[in-house]
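Reviewing the structure listed below.
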Amino acid sequence: MFTHICAICGDEFQSSSNRAKYCVYCRDKAQVLRNKAYAEKKKAGLSIAIGSTQICPECNNTYIVTSGFQKCCKDCQKKHNNKQKISSNQRYTKDNYDSIIFYVPKGEREALKAYAQSQGISVNKLLQTALKEYKEKHK
């Protein structure tokens, strides 16, 4: 069982799901809010109907919408999804990590990668571990 805090009322609750957002009492309220938001979006004409014709933002060709989440034609779908993943990963990395570029003598790069792989870790983790040990020994 996982312990969560309800996004609506703020009470703590238990759930077997690790993704639960609402307690038992607020689930229905959340569904009503989702339905109301969808109805407003549909009424304003912002929702795209399945079967309608749209223009692909990647290739500018027309396509027929077959899914509610479809953003581009079938031919460009993989390219579009990869762009989204790369953008999301770059944003996450930029927000949560700093980077350091360092140079090693010719031929040492492959040896360093091989050693890290033999230890079952990445080069990044190897360097972080080495720096941590160095700091501990040289206080």
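Here segment 17-59 is the region considered, the condition is being within 23 Å of the chain's Cα centre (by Cα) and hydroxyl-bearing (Ser, Thr, Tyr), and the residue that is surrounded by the most Cβ atoms within 10 Å (Cβ to Cβ) is Tyr22.
The helices (runs of 4 or more DSSP H) falling completely within segment 76-139 that include 1 or more residues that are closer than 30 Å to Pro57 by Cβ, of a type in the set (Gly, Ala, Ser) and at pLDDT below 90 map to 77-96. Looking at (1) more than 30 Å from Leu126 (Cα to Cα); (2) assigned to a loop (DSSP other than H, G, I, E, B), which one does Gln31 not meet, given that it meets all the others? Every condition holds for Gln31 apart from (2).
If you go through segment 34-47 and keep only what is among the small types (Gly, Ala, Ser), part of a helix (DSSP H, G or I) and farther than 17 Å from Lys21 by Cβ, you end up with just Ala39.
The values are calculated or read from the model by the stated rules, or taken from the named source; none is laboratory data. If you're wondering where the values come from, they're calculated on a predicted model, not measured in any experiment. All Cβ positions, even for glycine, are placed from backbone atoms using ideal geometry, and neighbour counts span all protein chains on display.
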